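Quick notes on the structure that follows.
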Amino acid sequence: MKRILTIQDISCFGKCSLTIALPILSAMGIETAILPTAVLSTHTMFKGFTFKDISDQLKPITEHWAKEGIGFDAIYTGYLGTEEEIDTVTEIVERFKGDDTLIFIDPVMGDHGRLYSAITESYAKKNASLCSIADICVPNITEAASFTGLPYKEEYTEDYIKEMLLRLAAMGTRQPVITGVSLSAGKIGAMGYDSAAGEFFSYQNDKVPASYHGTGDVFSSVLAGAFVLGKERAQALKIASDFTALTIEETVKNAQDPRFGVAFEAALPALGRMLE
Ligand code: PXL
């Protein structure tokens, strides 16, 4: 069985980060070790959330694992609260990276043209350098614009996305993948670039006209899992995009406050079938 380590916060209510990654990766048949960086009452889109930083535990936990000789087929990082955390996570990635360890970085930092409130310019720079050591990094257009210095656009051409991907590859990421990319009206998906082969790849699905918190984490978890399972990149993008669309469709059936997240649980049986 493949083994992945995922490093993210635990938001106790409002499904995202670890409460999405752990059940999805487990359902994909991947042994999943977790490294929680912080415990929040909810994710940060709710007012008045509590936040307990537990990132001082990252080093002692991983030192224990190293002593036990524990290794991973992949490391997948998501939302990281502070610059110090990014430094520590970078050290952990360097320490546990074997010849065949897939490093998958989701540089969670913003959306819809705006960086989250706590994100500073120096945080963004540090996050860009974490992406530079990734095999695969999956920024959305907002995050990719911040990393590459290109302007954020709501309306764009395929060439704009290609330019972003080339710049991300020049920064060091082996296979950058930009998420939330719409290459024609009514469609949405992702586009990537394999820097070793010099090839672009993309997948587009019908856009479900609804928006919920946590869909980025669903997409990243499935994509990371699909790569770990050895799926070919076009297939991995298709599975992640189709599953994410399905979770949105399931959520629409019993619509709640969008901050409560997506009903990914209802779509998990279909994920097994998509992987066959
Ligand atoms: O879904 C990304 C995410 C993860 N963790 C926390 C967040 C967010 C996005 O808002 O606030 C705590």
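Just wondering, is there one or more residues in the range 52-63 that are within 14 Å of the ligand (Cβ to nearest atom) and within 26 Å of ARG3 (Cβ to Cβ)?
Yes - at least one qualifying residue is present in the range 52-63.
Helices (runs of 4 or more DSSP H) wholly in the range 199-276 with at least 2 residues that are in contact with a Pro (Cβ under 8 Å, 6 or more places away or on another chain) and not aromatic (Phe, Trp, Tyr) - which ones?
264-274
Show the residue pairs meeting these rules: Cβ distance below 7 Å; 6+ apart or different chains; first residue within the range 144-159 and modelled with pLDDT of 95 or more; second residue loosely packed, with under 12 Cβ neighbours inside 10 Å.
Hits for this filter: ALA145/PRO151.
Of everything in the range 1-40 that's more than 11 Å from the ligand (Cβ to nearest atom) and among the small types (Gly, Ala, Ser), which residue is farthest from ALA226 (Cα to Cα)?
ALA33
Search the range 48-76 for residues that are closer than 20 Å to ILE30 by Cβ and among the small types (Gly, Ala, Ser) and pair each with any residue that is more than 16 Å from the ligand (Cβ to nearest atom) and at pLDDT below 95 when their beta-carbon atoms are under 8 Å apart and the residues are at least 6 apart or on different chains.
The qualifying pairs are GLY71/GLY98.
Counting only residues that are open to solvent by 40 Å² or more (accessible area, probe 1.4 Å) and hydrophobic (A, V, I, L, M, F, W, C), which one in the range 17-40 is nearest to THR6 (Cα to Cα)? Reasoning before the result, please.
The first filter runs over the range 17-40 and keeps only residues open to solvent by 40 Å² or more (accessible area, probe 1.4 Å), leaving 19, 22-23, 26-27, 31, 34, 39.
Narrowing the set further to residues that are hydrophobic (A, V, I, L, M, F, W, C) leaves 22, 27, 34, 39.
Values: LEU22: 8, ALA27: 15, ILE34: 5, VAL39: 15 Å.
If we take residues in the range 17-40 being open to solvent by 40 Å² or more (accessible area, probe 1.4 Å) and hydrophobic (A, V, I, L, M, F, W, C), then ILE34 is nearest to THR6 (Cα to Cα).
I'd like the full set of residues that are part of a strand (DSSP E or B), near the ligand (Cβ under 9 Å from one of its atoms) and among the polar types (S, T, N, Q), limited to the range 41-51.
THR42
Only residues that are closer than 25 Å to ALA33 by Cβ, open to solvent by less than 20 Å² (accessible area, probe 1.4 Å) and more than 16 Å from the ligand (Cβ to nearest atom): list them for the range 186-236, please.
GLY225, ALA226, VAL228, ALA236
Give the residues of the range 1-36 that are part of a loop (DSSP other than H, G, I, E, B) and among the basic types (Lys, Arg), sorted by residue number.
LYS2, LYS15
From (1) crowded, with 17+ Cβ neighbours inside 10 Å; (2) within 11 Å of the ligand (Cβ to nearest atom), pick out the condition that doesn't hold for ILE86.
Just one mismatch for ILE86, condition (2).
What are the pairs, 6+ residues apart or on separate chains, where a residue within the range 78-89 that is more than 14 Å from MET109 (Cα to Cα) has its Cβ under 9 Å from a residue that is among the basic types (Lys, Arg) and more than 14 Å from the ligand (Cβ to nearest atom)?
ASP87/LYS126; THR88/LYS59
The values are calculated or read from the model by the stated rules, or taken from the named source; none is laboratory data. The model shown is predicted, which means the values in this text are computed figures rather than measured ones. Because the Cβ atoms are built from the backbone with ideal geometry, glycine has one as well, and the counts that use them run over all protein chains shown. Accessible surface areas use protein heavy atoms only, side chains included; no ligands, DNA or RNA. Shrake-Rupley method; radii C 1.70, N 1.55, O 1.52, S 1.80 Å.
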